[in-house]
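Q: Here it is, the structure in full.
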Amino acid sequence: MASQSLVARARGISTDGFALIALMIAVMWITEIVDLAADHRLDRLGIEPRESDGLIGVVTAPFLHLGFGHLIANTIPFAVLGLTIALNGLRRILAVTAIVALISGLGTWLVAPDNTVHIGASGVVFGFATYLLARGWFDRRLVNIAIAVVVAIVFGGVLLGGLLPERGISWQAHLFGAVGGVVAARLLNRTARAPQP
């Protein structure tokens with residue numbers, strides 16, 4: 001009886017994490033449909049470096065995209081990597097997303113060129129990927145090391161390519177998202193290992 005309730009509880013936690021990923025993807029798609037109807041005016045709510053108004057983009061930029069091609073390119077890895085993290089529950093995916101989005105957004109706001117606007121979920125995608133890579137390194141659990149190897153094989157080339165400066169691509173969001181993923185892995189590994197009172 002007790003073991004059944006533990007299994008049910010673990011399934012409930014994972015389901016909540018999956019629901020959050022689905023909700024974020026739904027918001028991205030609804031936002032892009034509204035943005036298309038509004039003649040792309042919502043894109044102005046992205047990150048504008050060193051502009052106080054541009055700080056709103058730290059929260060809004062991951063939900064804004066430059067058309068459906070951009071959105072599809074981010075949705076697939078966001079879903080795959082996000083659902084993998086969500087296997088550890090709602091709190092874990094919330095914490096990783098918050099840390100990655102904050103570091104990616106603020107880093108972009110601080111160092112990206114003036115008179116630019118940065119949008120898209122790719123900073124969060126890079127953070128999810130590096131979180132999964134770094135988590136295997138920090139906690140040394142066999143299952144997480146195996147996941148890290150798969151992420152490296154599947155996404156490694158994209159990760160490296162996305163860090164190269166390229167016109168029209170926010171490599172700053174990619175770079176700081178990647179940093180955010182490593183920071184999240186380190187912080188959350190420490191929290192998980194902290195002795196319980």
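Computed from the coordinates by the stated procedures, all read-outs in this text should not be read as laboratory data. Computed from a predicted model, the values in this text were never measured in an experiment. Here Cβ is always computed from backbone atoms with ideal geometry, including for glycine, and neighbour counts include all displayed protein chains.
Q: Taking the Cα atoms of region 2-193, report the difference between the largest and smallest coordinate on each principal axis, in whole Å and largest first.
A: 56, 32, 29
Q: Please compute the net charge surrounding residue 35, taking Lys and Arg as +1 and Asp and Glu as -1 over other residues with Cβ under 15 Å from its Cβ.
A: -1
Q: Relative to the longest principal axis of the chain, what angle (0 to 90°, nearest 10) does the C-alpha long axis of helix 122-139 take?
A: Roughly 30 degrees between the two axes.
Q: Let's test the formula: R0 of 25 Å, r as the Cβ-Cβ distance of residue 139 and residue 164. What FRET efficiency results, to the nearest 0.05?
A: Working from the Cβ atoms, E equals 0.25.
Q: Please give the contour-minus-distance gain from residue 68 to residue 106: 0.36 nm per residue of separation, less the Cα-Cα distance, rounded to one decimal in nm.
A: 11.1 nm
Q: So how do 160, 64, 175 line up by other beta-carbon neighbours within 10 Å, fewest first?
A: Ascending number of Cβ neighbours within 10 Å: 160, 175, 64.
Q: Nearest 0.05, what FRET efficiency do residue 154 and residue 115 give at R0 = 25 Å with Cβ-Cβ as r?
A: 0.10
Q: Could you give the size of the charge dipole of region 2-193 about its Cα centre, using +1 on the Cβ of each K and R and -1 on the Cβ of each D and E, expressed in debye and rounded to the nearest 20?
A: 1080
Q: Compute the length gained on full extension between residue 33 and residue 55: take 0.36 nm times their separation in residues and subtract their Cα-Cα distance, giving the result in nm to one decimal.
A: Going from the current span to full extension adds 5.6 nm.
Q: Helix-derived [θ] at 222 nm for the chain: sum -39500 (n - 2.57) over DSSP H runs of at least 4, divide by residue count, nearest 500?
A: Here the helix-only value at 222 nm equals -25000 deg cm²/dmol.
Q: Taking θ = phi - 60°, what integer Hz values does the Karplus form 6.51 cos²θ - 1.76 cosθ + 1.60 yield along region 142-150, in sequence order, with x for Gly and Pro?
A: 4, 5, 6, 5, 4, 4, 4, 5, 5
Q: Residue by residue, what Karplus-based ³J(HN,Hα) values in Hz, rounded to whole numbers, does region 169-184 have, using 6.51, -1.76 and 1.60 with θ = phi - 60° and x for Gly and Pro?
A: Working through the residues one at a time gives 10, 7, 5, 5, 5, 4, 4, 6, x, 4, 4, x, x, 5, 4, 4 Hz.
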